[in-house]
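Participant: Below you'll find the structure I mean.
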Amino acid sequence: MIKISYDDIIRKIKEEKKISDEEINSKIEKKIEQLAGLISREGAAHIVAHEYGVKVFKEGAMKISEILSGMREVEINAKVLTVFGVVSFKKESREGKVASFLVGDDSGKIRIVLWDNSHISFIENGQIREGSVIKIKNAYVKDNQNGLKELHLGEKSELILNPDNVEIKEISSVNNAVFSNLTVKKINELTENDRSVAIRGAVVQVFEPRFYEMCSECNRKVVLEDGQHKCSVHGAVNLRYGIVSNFVLDDSTNTIRIVAFREAAEKFFHLNNDELMAIRTNPGKFEEIKENLFGRLVEVKGRVIKNIIFDRLEFNANNIEDLKAEVLLKELER
Ligand SMILES: [Zn+2]
């Protein structure tokens, strides 16, 4: 949900850049045309504002699960789960302290790293402890060497104890949003050697899924021999069906074909295995589902594969998650 209206976006661009309505409108029309109707008028206005360098987002806290690698000016409200304490370090001429603790909200968990002594004193004097509710403003995201996202606070960041009107009731047990041992890349930056990357963009084309027969014991492909389905390991076996889905992702730098098997396909379609199998026997069902997939914003994690026949790069997905428009746009603004 984008919280700022179309008119407000236009007003902001006009105020900051002294550009006429006419010029702004023609840019927005062009953008809508370029994206072939995949984007709303508001969405197009956001992108145009971004191209002018105008920030349209109001201040506000985000959920931990919405935190993406490379983000700056992050604001969150969270509850302290574990305090790891203060460590002194000495490097060449530099000497200092660093402190860290784990926080959570109803969407996920993330480690917070403090570099500023005024913030670190909150831990030293026991004001930040397990159960404390805090607000963090103007923090930045870093990936540590284990590939975990961390939220770092420097001297320009704010750390507010017991903020007004903030209540953290539930803590999510989900921790996967915090993990990202992947590099996020633009599609035009992908190379054949990328084995663990994430790309983000809009779904612009979806192909009918294909099904293949596999062994019910080990998921290997089976062959039909003497009227029996045979697995190279298990011999004659019962069948299961695997699904492979193909779609095209566009991130404005380029497009790429995504190949998603089984669980990744289930996540893409938002369907469980039984529901997917219903498509196999009733292809008409796919036409209904397809409508909802166009324009969906997703993050796809996986690896690049070279399609030798077509001499092009494709992407083998091992996980697909929906992205909220505002998260993607916020990232564009960074
Ligand atoms: Zn088998």
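The values are calculated or read from the model by the stated rules, or taken from the named source; none is laboratory data. Remember, predicted model here, so these are calculated numbers, not experimental data. Every residue, glycine as well, gets a Cβ built from its backbone with ideal geometry; the counts of neighbours run over all protein chains shown. Protein only, heavy atoms only, side chains kept; ligands, DNA and RNA dropped before computing areas. Shrake-Rupley method; radii C 1.70, N 1.55, O 1.52, S 1.80 Å.
Participant: Output the qualifying pairs, or none if there are none: Cβ atoms under 8 angstrom, residues six or more apart or on different chains, first residue in region 262-286 and open to solvent by less than 40 Å² (accessible area, probe 1.4 Å) and modelled with pLDDT of 90 or more, second residue part of a helix (DSSP H, G or I) and of a type outside the set (S, T, Y).
Facilitator: Close Cβ pairs satisfying both conditions: A265/L276; F269/E275; F269/L276; F269/I289.
Participant: Moving on to the next point. Inspect region 240-257 for any residue being in contact with an Asp or Glu (Cβ under 6 Å, 6 or more places away or on another chain), away from the ligand (no atom under 16 Å from the Cβ) and either at positive phi or not in a loop (DSSP other than H, G, I, E, B) (or both) and give the result as yes or no.
Facilitator: yes
Participant: Follow-up. Could you check Q205 against (1) open to solvent by less than 70 Å² (accessible area, probe 1.4 Å); (2) in contact with a Phe, Trp or Tyr (Cβ under 9 Å, 6 or more places away or on another chain); (3) away from the ligand (no atom under 15 Å from the Cβ) and say which number it fails?
Facilitator: Looking at each condition in turn, Q205 falls short on (1).
Participant: Same structure, new question: Of the residues in region 302-327, how many are open to solvent by 40 Å² or more (accessible area, probe 1.4 Å) and of a type outside the set (A, V, I, L, M, F, W, C)?
Facilitator: 8
Participant: Out of all the residues in region 106-141, which are open to solvent by 40 Å² or more (accessible area, probe 1.4 Å), within 12 Å of E158 (Cα to Cα) and in a strand (DSSP E or B)?
Facilitator: Answer for region 106-141, where residues must be open to solvent by 40 Å² or more (accessible area, probe 1.4 Å), within 12 Å of E158 (Cα to Cα) and in a strand (DSSP E or B): K137, N138, Y140.
Matching residues to (1) over 23 Å from the mean Cα position of the chain (by Cα); (2) in a strand (DSSP E or B); (3) closer than 29 Å to G70 by Cβ; (4) away from the ligand (no atom under 16 Å from the Cβ):
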| site | (1), (2), (3), (4) |
| --- | --- |
| G201 | no, yes, yes, yes |
| Y212 | yes, yes, no, no |
| E266 | no, no, yes, yes |
| L271 | no, no, no, yes |
| L293 | no, no, yes, yes |
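Participant: Moving on to the next point. Could you please find all residues in region 70-105 being in contact (Cβ under 8 Å) with a residue 40 or more places away in the chain and either touching a Gly at 6+ places or on another chain (Cβ under 7 Å) or open to solvent by 90 Å² or more (accessible area, probe 1.4 Å) (or both)?
Facilitator: R72, E73, E75, A78, K79, V80, L81 - these are the residues of region 70-105 that are in contact (Cβ under 8 Å) with a residue 40 or more places away in the chain and either touching a Gly at 6+ places or on another chain (Cβ under 7 Å) or open to solvent by 90 Å² or more (accessible area, probe 1.4 Å) (or both).
Participant: Condition test on R303, is it farther than 20 Å from R240 by Cα and charged (D, E, K, R)?
Facilitator: yes
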